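What follows is a short report on a single structure.
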Amino acid sequence: MSECRRLVVVVSLALALFAPRAGAQQSFITFESGQVRPLALSPDRSKLFAVNTPDGRLEVFNVGAGGIALSAEVEVGLEPVAVAARTNTEVWVVNHLSDSVSIVDLSTSPPRVVRTLLVGDEPRDIVFAGTGGNRAFITTAHRGQARLAVPVAQGGGDPQLTTAGVGRADVWVFDATNLGTSLGGTPLQIITLFCDTPRALAVSPDGNTVYAAAFKSGNQTTTMSEGFVCNGFTSASSCTNSQGFVAPGGVPGPSTDSISEKAPEIGIIVKLNPATGHWEDVLGRDWSQGVRFNLPDKDVFAIDANALTQTTVWSHVGSTLFNLAVNPVSGKIYVSNTDAQNLRRFEGPGIFGGSTVQGHLAEARITVLSGSTVTPRHLNKHIDYSILPAPAGVKDHSLATPVGMAVDSLGSTLYVAAFGSSKIGVFSTSELENDTFDPTTESSSYISVSGGGPSGLVLDEARGRLYVLTRFDDAVKVVDLASHTEKQAVALHNPEPASVVQGRPFLYDATNTSSNGE
């Protein structure tokens with residue numbers, strides 16, 4: 001980045017940070033950072049904390065018999081996306097755009113940030129674990145900005161951005177009782193995981209294991225160039241291509257369009273079949289000669305919270321992993337995710353081509369991790385993807401983009417925030433694990449929330465409540481668990497212009513833009 005451009009960016013961010021909240025704004029920079037853990041309760045359940053992502057603030061609510069009431073607002077960094085309370089008076093906020101963590105002291109009047117930790121690029125989530133629960137774990141991208149200031153013995157130094165075998169996911173670990181004397185804090189360790197950018201974290205019931213998930217993990221698909229494919233051959237033929245390899249030959253049909261115009265030479269998508277170890281296309285043909293590399297699919301990692309070492313990894317969980325939740329009784333891990341249908345060809349109605357991703361670009365799922373077993377559960381198994389558009393009523397039973405989750409203390413009920421459906425999915429954990437749930441009847445117990453875009457939730461079982469943050473309208477909703485009805489809505493100050501607020505649903509709301517609601 002040039003010095004001039006860097007100066008412009010710094011000045012722009014400074015103006016955005018220090019601009020007055022009231023009054024007309026000529027422009028607004030929209031970053032659209034994804035909220036990961038936007039809500040948290042204090043350990044004594046007397047306060048609710050919510051990140052106000054567009055306004056760069058932590059909102060503090062008093063929790064009482066009548067609901068919640070705003071008690072304080074604390075300026076933190078830019079684009080806060082996660083919050084966790086270590087004690088009743090100490091709250092940590094992850095600032096996605098500022099690459100920092102703000103530590104807020106609630107014992108002062110007014111509450112304020114007393115320490116800022118500088119961490120890796122684009123931090124997303126935070127949990128406390130280990131003996132005494134005093135170790136903070138923070139997911140960040142492995143891109144090197146802050147690693148050079150950390151000793152090699154603690155995982156810092158050269159980020160090795162072009163070195164094979166080095167992961168692109170970091171988990172920064174701090175001792176909350178001893179943050180060090182350096183300006184940005186001194187981490188105990190930076191743990192690098194062999195996956196792409198990480199996102200969600202969770203903790204085992206005993207507090208000794210931290211689970212970390214890749215965000216955009218993939219599903220072991222790759223492309224073959226047109227020079228390798230030998231397009232001039234039919235799907236049943238083989239050829240020796242320009243690289244001297246014997247290729248199965250040809251892109252799967254059709255070889256012309258609907259008016260008999262010959263198809264151009266194009267590449268092909270192949271996927272690793274774990275059963276055969278071959279890179280195969282949709283016809284099951286082996287293209288392994290053309291894939292001269294390994295493409296691991298490491299999705300969720302277990303970290304010993306005390307030894308700070310990786311202990312376990314799970315694969316084939318999903319292609320985009322949004323969040324994690326742990327059953328407090330069984331210890332099973334639930335992963336909200338979508339799985340892309342990479343091998344499906346064509347975008348149109350699929351009549352002439354024989355297949356299409358229309359209405360079936362990705363499937364919304366919860367994947368259950370139990371021991372070494374990985375069990376994906378499709379949340380919308382009622383959808384018949386062969387019918388386009390989907391019949392009326394199908395979308396009423398669908399959940400789109402499952403993100404935040406919560407499990408009750410008995411381990412019997414899982415709540416899932418469906419960001420693209422304006423509702424909370426409610427599942428029996430046993431029925432979900434056994435795949436015996438029926439979306440057409442299960443949806444009768446789903447919880448509708450106003451505002452749209454539920455991104456995070458937290459249970460308050462003592463009061464029979466569920467607190468939900470809805471991103472479309474930037475508000476906190478209070479839901480009565482007995483009646484599954486919304487009892488209170490508290491709007492947060494939102495500096496976004498009306499065009500952004502009104503336009504956001506067009507990006508995410510599957511109820512309005514998808515016939516099957518997924």
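The values are calculated or read from the model by the stated rules, or taken from the named source; none is laboratory data. Source: prediction; values computed, not measured. Note that we place each Cβ from the backbone using ideal geometry, even for glycine, and neighbour counts take in every protein chain shown. The protein model used for the area step is the full one, side chains on, heavy atoms only, and it has no ligands, DNA or RNA in it. Shrake-Rupley method; radii C 1.70, N 1.55, O 1.52, S 1.80 Å.
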Taking H placed 1.01 Å from N in the peptide plane, check which residues at least 5 places from A200 or on another chain put their amide H under 5 Å from its amide H.
A213
Run the reach check for K47 against aspartates and glutamates, Cα to Cα strictly under 17 Å, same-chain hits fewer than 8 apart removed. What comes back?
E59, E73, E90, D105, D460, E461
[x] -0.31; [y] -0.46; [z] -0.36: which one is log10 I(q)/I(0) by the Debye sum over Cα atoms at q = 0.06 Å⁻¹ as calculated from this entry?
[x]
How many angstrom separate the Cα center of segment 72-107 from the Cα center of segment 391-431?
28
As a test question: what accessible area, to the nearest 10 Å², does V407 have when a 1.4 Å probe is rolled over all protein chains in place?
30
Sum of side-chain charges, L78 neighbourhood, beta-carbon under 12 Å (Lys, Arg +1; Asp, Glu -1):
-4
Once the convex hull of the C-alpha atoms of segment 249-301 is built, how many Å³ does it hold per residue, rounded to a whole number?
115
If the viscosity is 1.002 mPa s and the temperature 20 °C, what Stokes-Einstein diffusion coefficient in µm²/s follows for segment 411-502 when Rh is the Kirkwood radius over Cα pairs?
154
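For D286 and A462, FRET efficiency with R0 = 60 Å and r from the beta-carbon atoms, rounded to 0.05?
0.55
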Rounded to the nearest 0.05, FRET efficiency between S225 and H484 (Cβ-Cβ, R0 51 Å) equals 0.45
Whole-Hz Karplus couplings 3J(HN,Hα) for segment 165-171, θ = phi - 60° and coefficients 6.51, -1.76, 1.60, Gly and Pro as x, run x, 9, x, 10, 10, 10, 10
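Give me the number: length gained by fully extending A491 to D396, i.e. 0.36 nm times residue separation minus the C-alpha to C-alpha distance, one decimal in nm.
In short, 31.5 nm is gained.
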Counting only protein heavy atoms, what percent of the accessible surface of the chain is carbon or sulfur at a 1.4 Å probe?
53
Along the dipole axis of segment 387-518 (charges at Cβ: +1 for Lys and Arg, -1 for Asp and Glu; origin at the Cα centre), the most positive-end residue among P454, G517, F472 is F472
By accessible area with a 1.4 Å probe, ligands and nucleic acids excluded, highest first: order of D196, D99:
D196, D99
Using a 1.4 Å probe, what is the accessible area per residue for the chain, in Å²?
43
Karplus-derived HN-Hα couplings along segment 462-476 (A = 6.51, B = -1.76, C = 1.60, θ = phi - 60°), whole Hz, x at Gly and Pro
4, 9, x, 10, 10, 9, 10, 9, 9, 7, 4, 9, 6, 8, 10
So between F346 and A498, what do we pick up on full extension, going 0.36 nm a residue minus the alpha carbon distance?
51.1 nm
Given pairs K423/K477; K381/K487; K395/K423; K298/K381 and cut-off 21 Å on Cα-Cα distance, the over-length ones are K381/K487; K298/K381
So what is the 222 nm mean residue ellipticity for the chain from helices alone, if each DSSP H run of at least 4 adds -39500 (n - 2.57) and you divide by all residues, rounding to the nearest 500 deg cm²/dmol?
-2500 deg cm²/dmol
Could you work out how far apart the two model spin labels at S27 and S412 are, taking each label as a point 7 Å from the Cα in the direction of the beta carbon, and quote it in nm?
5.7
With +1 on each Lys and Arg Cβ and -1 on each Asp and Glu Cβ, how big is the dipole of the chain about its Cα centre, in debye rounded to the nearest 20?
560
Around V150, under 13 Å between beta carbons, what's the net of Lys plus Arg minus Asp minus Glu among the other residues?
-1
Remind me, relative contact order of the chain in percent, using alpha carbon pairs under 8 angstrom and six or more residues apart?
9
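Just add up the charged neighbours of T436: K/R +1, D/E -1, any other residue whose Cβ is under 14 Å from the Cβ of T436.
-3
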